[in-house]
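Colleague: Here it is, the structure in full.
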Amino acid sequence: MSIDTDLRDSMLKATPNLRAFAISLTNNVDRADDLVQETLMRAIANIARFQPGTNMQAWLFTILRNLFHSEYRKRRREVEDADGKYAATLSVQPDQMPHLDFEDLQRALARLPHDQREALLLVGASGFSYEQAAEICGCAVGTIKSRVNRARNRLAELMHLEDMDEDIGPDRVTLSVMHAAVA
């Protein structure tokens, strides 16, 4: 893309003033130079939007100011961590285990009798009350409670869960690694 010589000259003429303005905004010469460069690149990319006969310097200052404010908003959400100390404190639980646990749950649910699976899914997964589930299944509330209880016990057996508080969630090794990473 070639740019008109007069437009190019007026952009070059405005560059020292753009740089001074950028330095006053950023208080950092390197960031100011980057900001001026980005301003000029955007101006060239959008030169078709510039209306000949208007003030090129004002147009460039507007672009620079908008870029600065966009960058400021973005940087406000970022955390400076040059030495990596903050990043070292962050830890994430491995994501493959929940996926595998969910597959195990699906297989175990498939092995339940239909009436128990239906009752458990209505009450446990869909959030219906025992009364609502009984109405949906066309049986007594006590029957639904019994089916849900038998289904939960059978699921625990099929999934080899002994202590629900310890067996659900991250295993002991994962928890100890997570706690060591934070400490």
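Colleague: Enumerate the helices (runs of 4 or more DSSP H) found wholly within segment 52-137, keeping only those where 2 or more residues are open to solvent by 80 Å² or more (accessible area, probe 1.4 Å) and on the phi < 0 side of the Ramachandran plot.
Modeller: Output list reads 56-76, 85-89, 96-111, 130-137.
Colleague: Give me the pairs: first residue in segment 54-66 and assigned by the TED database to the domain that holds A20, second residue among the hydroxyl-bearing types (S, T, Y) and in a helix (DSSP H, G or I), beta-carbon distance under 8 Å, and six or more apart or on different chains, which are they?
Modeller: The qualifying pairs are M56/S10; Q57/S10; L60/T39; I63/T39; L64/T39.
Colleague: Return the total of residues in segment 2-23 being open to solvent by 70 Å² or more (accessible area, probe 1.4 Å), assigned to a helix (DSSP H, G or I) and among the hydroxyl-bearing types (S, T, Y).
Modeller: 1
Colleague: I've got another one for you. Where residues in segment 55-77 are among the charged types (D, E, K, R) and over 20 Å from D33 (Cβ atoms), which of them is nearest to the chain's Cα centre (by Cα)?
Modeller: Only one residue tops the list, namely R77.
Colleague: Another question, then. For segment 138-161, what are the residues that are outside any helix (DSSP H, G or I) and modelled with pLDDT under 90?
Modeller: Listed by number, the residues that qualify are M159, H160, L161.
The values are calculated or read from the model by the stated rules, or taken from the named source; none is laboratory data. Bear in mind that the values here come from a model prediction, so they are computed numbers and not experimental data. Cβ coordinates were reconstructed from backbone atoms using ideal geometry, including for glycine residues, and neighbour counts include every protein chain displayed. Note: areas computed on protein heavy atoms with side chains; ligands, DNA, RNA excluded. Shrake-Rupley method; radii C 1.70, N 1.55, O 1.52, S 1.80 Å.
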